[in-house]
1. Expressed in nm², what is the orientationally averaged projection area of the convex hull enclosing the Cα positions of the stretch 44-118?
2. Taking R0 as 25 Å, what's the FRET efficiency between residue 65 and residue 25 from their Cβ-Cβ distance, rounded to 0.05?
3. Using a ≥ b ≥ c from the Cα gyration tensor of the stretch 1-63 (square roots of the eigenvalues), is it rounded, prolate or oblate, where a/c under 1.5 gives rounded and otherwise the larger of a/b and b/c decides, a/b for prolate?
4. As a test of the formula, what do you get for the chain when each DSSP H run with n ≥ 4 contributes -39,500 (n - 2.57) and the sum is divided by the residue count, at 222 nm and rounded to the nearest 500 deg cm²/dmol?
5. Please list the radius of gyration and Dmax for the stretch 93-133, considering alpha-carbon atoms only, with Å as the unit.
6. Where does the charge balance sit around residue 127 when Lys and Arg score +1, Asp and Glu -1, over other residues with C-beta under 14 Å from its C-beta?
7. Can you tell me which of 100-112, 71-83 comes out highest on packing, and rank the rest after it, using the mean Cβ neighbours within 10 Å?
8. What is the helix-to-structure angle for 86-95, meaning the angle in degrees between its Cα long axis and the longest Cα principal axis of the chain, kept from 0 to 90 and rounded to the nearest 10?
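Derivation of every value follows stated rules applied to the coordinates shown; laboratory data play no part. Predicted model, so just to flag it, every value in this text is computed and none were measured. With ideal geometry, Cβ positions are generated from the backbone for all residues, glycine too; neighbour counts draw on all protein chains shown.
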Amino acid sequence: MIPRLNHVAIAVPDLAEASASYAALGAKVSEPQDLPEHGVTVVFITLDNTKIELLHPLGDGSPIAGFLDKNPSGGIHHLCFEVEDIADASARLGECGIRVLGDGKPKTGAHGKPVLFAHPKDFQGALIEFEQE
Ligand code: CO
């Protein structure tokens with residue numbers, strides 16, 4: 001069900017500093033992109049086999065503000081696996097006893113594609129995003 005890792009998302013307190021760190025390693029670093037409907041500003045680091053997504057809070061009530069409060073120097077926030085069919089993925093998670101966050105229905109994610117998140121307590125403490133490609 002999860003053939004490919006789409007991205008690793010890292011919450012960072014300083015987007016410019018984090019971008020510079022990756023650029024210094026020769027990585028392909030995007031310009032910052034504000035996603036107000038998701039409460040984040042993102043920078044994409046494109047590698048040959050996956051992406052790193054740097055997340056920084058945008059506006060009030062950002063979903064990553066609490067994470068940065070607990071992890072002031074930043075940290076890995078979630079992993080994202082690609083799935084062919086988000087409805088199938090949702091059903092499969094249910095069969096495995098893994099709760100889906102929110103109302104359990106897929107949402108439009110930061111890349112404009114359907115996503116859902118599995119509850120970290122049901123996934124060894126890791127927040128996992130599933131994205132339909
Ligand atoms: Co993500």
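1. About 6.4 nm², averaged over all directions.
2. Values: r = 28 Å, r/R0 = 1.10.
The value I calculate is 0.35.
3. Values: a/c = 2.40, a/b = 1.21, b/c = 1.98.
It comes out oblate by the Cα gyration axes.
4. One gets -5500 deg cm²/dmol as the mean residue ellipticity at 222 nm.
5. When restricted to Cα atoms, the stretch 93-133 yields Rg and Dmax of 10.1, 27 Å.
6. That works out to -1.
7. In descending order of packing, they fall as 71-83, 100-112.
8. The helix 86-95 is inclined about 60 degrees to the chain.
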